[in-house]
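Have a look at the structure below, then the notes.
The values are calculated or read from the model by the stated rules, or taken from the named source; none is laboratory data. From a predicted model like this one, the values you see are computed outputs, not experimental measurements. Backbone-built Cβ (ideal geometry, glycine too); neighbour counts: all protein chains shown. Just so you know, the surface numbers come from the protein's heavy atoms only, side chains and all, with ligands and any DNA or RNA stripped out. Shrake-Rupley method; radii C 1.70, N 1.55, O 1.52, S 1.80 Å.
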Amino acid sequence: QVQLVESGGGLVQAGASLRLSCAASGRTRVIYVMGWFRQAPGKEREFVAAITWGTTSTYYADSMKGRFTISRDTAKNTVYLQMNSLKPEDTAVYYCAGRQTPGVAVPSRYEYWGQGTQVTVSS
C-alpha cells in the first residue's frame, strides 16, 4: 500500500501563492505517476497537474499552465504543487494521487489518494 499526506493549504488573498506538499510512504516504488486534482463544492474532481516519478515529465490542465508548477523530490518521496497568482476560482480541496500505470488525467485510474487539503482564495 501507499500512503499520501497533503499539506500546505490555507486561506489566501487573490494574487497570492501557495505551495502544496504531498508526502508518500509505503510501497512507493510501485508509483508511476503522481498527480494533483481539485474539487470545488458541487463540482466534479478535476485534473490539475501530474508528474512521472522516474522521468519527471510534467503535465498540466490548460487552465493551470503558467500559474502552477508540479515538481518532486525523490529523496523525500514528496511531490509539490507551486501555485502562483491564485484566483477565487482556484478555491477547492486539493488532492494528491498516485497511480501505477501511465496516464494522467482520469481520477478513477489512480489507485492511491490523500485526504485532501483545503485551499481558499478570497477576492
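With the condition being modelled with pLDDT of 95 or more and over 12 Å from the mean Cα position of the chain (by Cα), I'd like the strands (runs of 3 or more DSSP E) fully within the stretch 49-123 carrying at least 3 qualifying residues.
On the way: elements: 58-60, 68-73, 78-83, 92-99, 117-122.
Answer list for the stretch 49-123: 117-122.
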Step by step: first the residues of the stretch 16-38, then only those that are open to solvent by 30 Å² or more (accessible area, probe 1.4 Å) and assigned to a strand (DSSP E or B), then the one that is nearest to T56 (Cα to Cα). Which residue is that? A23
Filtered residues of the stretch 1-15 (kept if more than 20 Å from Q100 (Cβ to Cβ) and either among the hydroxyl-bearing types (S, T, Y) or open to solvent by less than 30 Å² (accessible area, probe 1.4 Å) (or both)): S7, G10, V12
Among residues of the stretch 86-103 being in contact with a Gly (Cβ under 6 Å, 6 or more places away or on another chain) and open to solvent by 20 Å² or more (accessible area, probe 1.4 Å), the residue farthest from G42 (Cα to Cα) is Y95
Among the residues that make up the stretch 31-46, is at least one of them among the acidic types (D, E) and touching a helix residue (DSSP H, G or I) at 6+ places or on another chain (Cβ under 9 Å)? yes
Can you confirm whether the stretch 30-41 contains a residue that is within 18 Å of T117 (Cα to Cα) and modelled with pLDDT under 95? yes
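Count, please, the residues in the stretch 39-60 that happen to be at negative phi and open to solvent by 20 Å² or more (accessible area, probe 1.4 Å).
At the first step, the residues of the stretch 39-60 found to be at negative phi are 39-41, 43-55, 57-60.
Next, from what is left, pick out any that are open to solvent by 20 Å² or more (accessible area, probe 1.4 Å): 39-41, 43-47, 53-55, 57-60.
Selection size over the stretch 39-60: 15.
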